[in-house]
Structures are given as C-alpha cells and as structure tokens.
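Here is the structure we will look at, set down as structure tokens.
The values are calculated or read from the model by the stated rules, or taken from the named source; none is laboratory data. It should be emphasised that the depicted structure is a prediction, and the values quoted were computed from it without experimental measurement. Here the Cβ positions follow ideal geometry from the backbone for every residue, glycine too, while neighbour counts run over all protein chains shown.
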Amino acid sequence: MSASKSSSAKIALVTGAGTGVGRAVATALAKAGYSVALAGRRKEMLDKVAGEVNAAGAQALAVPTDVTSRDSVLALFSTVKSTFGRLDVLFNNAGIGAPPVPLEDLPYETWQNVVATNLTGMFLCTQEAIKIMKAQNPKGGRIINNGSISAHAPRPFSVAYTATKHAVTGLTKSTSLDCRQHSICCGQVDIGNAVSPLTDRMVQGDGVLQPDGSKKIESRMEAEHVGNAVVYMAGLPLDTNVLFMTVMANTMPFVGRG
C-alpha cells in the first residue's frame, strides 16, 4: 500500500522500528488506524515491518535513518512531511546499550556512541517533530520517549545507558513544558524487560549481573504490551497527557533493586 497525503489516518513516526519494541509499537499503531513511518538503520528489517503494517490495513513508509547523523534526521522528517503532509505522533525509540564493564574501563568511543544514539538522536528527532507539529493545521501532536526503567535505577556496569536514560527524563519534562503553547504533548514510557534483541542476554546462560554480584535469569514480557501502552498514550486528546508510564515484567527485579 503506497503512502499518500490524501489519507485521513493520523500519522505516526517510530524510530528504531525494525525490531523489538519499535516493531511492536509500529504494528500496534497500524492496527489502531495510524499510517506509520518507520525509521531505523537496516532497510531489510524496516521493509519486513512495513509488510506487517500493510497487512494490518495501514500505510507504511520505510526510511533508513541514522539518528546520530543530523543530516539523516533532517532527511527523515523532510520525507515524512512531503509524503504525509503532517505528523501526529513521534515515538522516540532508537537506542543502544554498551558492554557491561566497570565504569572506569568504558571506552570513550563507546560512551560517545551511546550518548549520540540515545540522547542526541532523540533530541534531534524531537526538534524536527516540533517544527512540523507547531506549523501544521490542525496544529499539535504528541511525542513519546522510550525512557526505560534505567531512567529510575541503574543496573551494574551500565553508566552510559543509565546516564542517557536519566537525561531522556529531562528531555521529556523540558519538551512537555516548552511545547504546551503549541498543543504538543510529551510523555515517556519506561519499559522493563520487554522481549527484544537488547534483552535476549537476560535469558541466556546464567542471566545478567545483579547488584550483589550474582547473575540471574530475569523474566520478560511481550513487547506487544508496550505497543498497547503507546497506543493508549497516543490516543488521548491533546488537552491530556501521560507524562510517565512504567510498563514492566511483573516479577523482574526492579522494585527493591539494590
């Protein structure tokens, strides 16, 4: 199904849409009636998700994107605007982790890459979404950031990921505050152990490192539940906002962590 400006569907953009949470959110939004732009680094994965979106009866637009590149982000939003004419929802999801090593041993280049992807990339996408949303008619829209429960509490040896996710909370609050007058809402979904390539290590071998130095297999939840949560947040009227929502595997070691 080809994308068209004439579609009456609301328009959503999902970054990191090729796998895991991004894929689940994109397909959930499609089932809810949104046309969906899919951004990510791997075209072949985006094309697969586009097929799932089309199968749900929605329009899909796959745009290979590197969120660490400002030029790539600018090209993404230009393509979305020229294709659909507007943007109603941005799900800022693209993110990476780093190997679990002692803080003092984390390579500088690894730190820089995580910050560029998880924080600067999200900032760049937020800027461009605001520019479209404040100028369109009817104006306004919703930005939803993927924060992770690491925005509340760290895992051992996760300084880069944890620091960026704490920073995402600041980005969420500032965006929510600064964009009120433009009818733009910003909220954050903090996810705990959704099934994705990033969490596969939690169920492999002895599991993942715990604060007491032991390792443990951790429970996970299906990523589709995150998709349903984002659909709920996205579907609210623009005079209402979910600022923060935590969606997590119920028995994972988060409450009481440490």
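Structure summary
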{"quantity": "So LEU103, is it surrounded by 15 or more Cβ atoms within 10 Å (Cβ to Cβ), aliphatic (A, V, I, L, M) and farther than 20 Å from GLY187 by Cβ", "calculated": "no"}
{"quantity": "All helices (runs of 4 or more DSSP H) inside the range 1-116 with 3 or more residues being out of contact with any His (no Cβ under 8 Å at 6 or more places or on another chain), at pLDDT 95 or above and over 27 Å from ALA229 (Cα atoms)", "calculated": "70-84, 108-115"}
{"quantity": "Any hit, the range 193-212, residues being among the hydroxyl-bearing types (Ser, Thr, Tyr) and over 19 Å from GLY18 (Cα atoms)", "calculated": "no"}
{"quantity": "SER174 in a helix (DSSP H, G or I) and modelled with pLDDT under 95", "calculated": "no"}
{"quantity": "Hits in the range 200-229 - residues which are among the polar types (S, T, N, Q) and within 15 Å of ASN250 (Cβ to Cβ)", "calculated": "SER219"}
{"quantity": "Residues within the range 180-190 that are touching a strand residue (DSSP E or B) at 6+ places or on another chain (Cβ under 9 Å) and either among the charged types (D, E, K, R) or surrounded by 21 or more Cβ atoms within 10 Å (Cβ to Cβ) (or both), tallied", "calculated": "7"}
{"quantity": "Residues of the range 46-62 classified as buried (at least 16 other Cβ atoms within 10 Å of the Cβ) and small (Gly, Ala, Ser), total", "calculated": "5"}
{"quantity": "Pairs where the first residue, in the range 210-227, is basic (Lys, Arg) and the second is assigned to a helix (DSSP H, G or I), C-beta under 7 Å, 6+ apart", "calculated": "ARG220/THR199; ARG220/MET202; ARG220/VAL203"}
{"quantity": "Failed criterion for MET252 (all others in (1) closer than 30 Å to ILE184 by Cα; (2) in contact (Cβ under 8 Å) with a residue 60 or more places away in the chain hold)", "calculated": "(1)"}
{"quantity": "Every residue from the range 31-90 that is more than 28 Å from PRO237 (Cβ to Cβ) and small (Gly, Ala, Ser)", "calculated": "GLY40, ALA50, GLY51, ALA55, ALA62, SER69, SER72, ALA75, SER78"}
{"quantity": "Selected residue (criterion: nearest to the chain's Cα centre (by Cα)) from residues of the range 215-258 that are among the charged types (D, E, K, R) and not in a loop (DSSP other than H, G, I, E, B)", "calculated": "GLU224"}
{"quantity": "Pairs where the first residue, in the range 58-76, is farther than 15 Å from LYS43 by Cβ and the second is basic (Lys, Arg), C-beta under 8 Å, 6+ apart", "calculated": "ALA58/LYS31"}
{"quantity": "Single residue of the range 117-162 satisfying the filter (modelled with pLDDT under 95 and of a type in the set (A, V, I, L, M)) that is surrounded by the most Cβ atoms within 10 Å (Cβ to Cβ)", "calculated": "ALA151"}
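For (1) assigned to a helix (DSSP H, G or I); (2) closer than 21 Å to ALA17 by Cα; (3) of a type in the set (Val, Ile, Thr), each residue gets a yes or a no:
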position: THR126; (1), (2), (3): yes, yes, yes
position: ALA129; (1), (2), (3): yes, yes, no
position: SER150; (1), (2), (3): yes, yes, no
position: ARG155; (1), (2), (3): no, no, no
position: TYR161; (1), (2), (3): yes, yes, no
position: GLY170; (1), (2), (3): yes, no, no
